[in-house]
Amino acid sequence: MLFSQCERFFTLAVKIQVCSCPMVEPHRSAHMASALEVGRIRLDQDTSGSKFRWIKRLLITALYCACVVFGGGWCLGQYAQPVQRTDVTHPIYTIGDPTYREALEQGKSIVKFGRIPLGIYPGGIAFDHPNDAWAHLRDAEMNEGWGVYELSGDYLKDTLEIDGQNYTSVSLLVVRAVEQE
């Protein structure tokens, strides 16, 4: 309805412009008439279904963004939730910096994060025996305050080998510090 009223107004304006001064500015009158004809054709081609095309696009984009945000939040929540196994037959050992020992002494929980999809983070480094972890610390010359810690998972269920090294595949809690033998 709005478009038909605009069309009538522009048609009337062209007739007035063309009729009122054809001798004074004939080139301008013809130019105005052709410009308004192009506008009228554009208005005629617009159908009622496409009037609100931009609203549909906006709603689809907003829905897509909401799905990405909520899906990402759900995945992050699942990722940050540590696994606590009660039937551990093969404990997992990892290395940690001096803040691990301090946090354990204060009774705080420490989460060793697992693998992030798409290879962004392979997970926490994992060993099946504490002596292997101590040997890794010696080889890497990380003796100042670094230590070996037991995790809450099972080595056979919660680790993944990447390039010859095992990493945690899920987020796990640091259970206790392991003293060097």
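Rule-based calculations on the coordinates, nothing more; no lab input. Remember, it's a predicted structure, so these values are computed and weren't measured experimentally. We place every Cβ from the backbone using ideal geometry, glycine too, and count neighbours over all the protein chains shown.
Bin width 5 Å, origin at 0, all Cα-Cα pairs of region 91-178: what percent of pairs per bin?
Final binned percentages: 3, 16, 26, 25, 20, 9, 2, 0.
Given a Förster distance of 30 angstrom, what is the FRET efficiency for GLN106 paired with LYS157, based on the Cβ-Cβ distance and rounded to 0.05? Don't jump to the answer; show the numbers that get you there.
On the way: r = 30 Å, r/R0 = 0.98.
After rounding, the FRET efficiency stands at 0.55.
At 7 Å along the Cα-to-beta-carbon direction for both THR99 and ASP87, put a label point, then send me their distance in nm to one decimal.
3.6
Students often check this: by mean Cβ neighbours within 10 Å, which of 56-64, 133-141, 86-94, 166-174 ranks highest, and how do the rest follow?
Working: 56-64: 10.3, 133-141: 14.1, 86-94: 16.0, 166-174: 21.9.
Descending mean neighbour count gives 166-174, 86-94, 133-141, 56-64.
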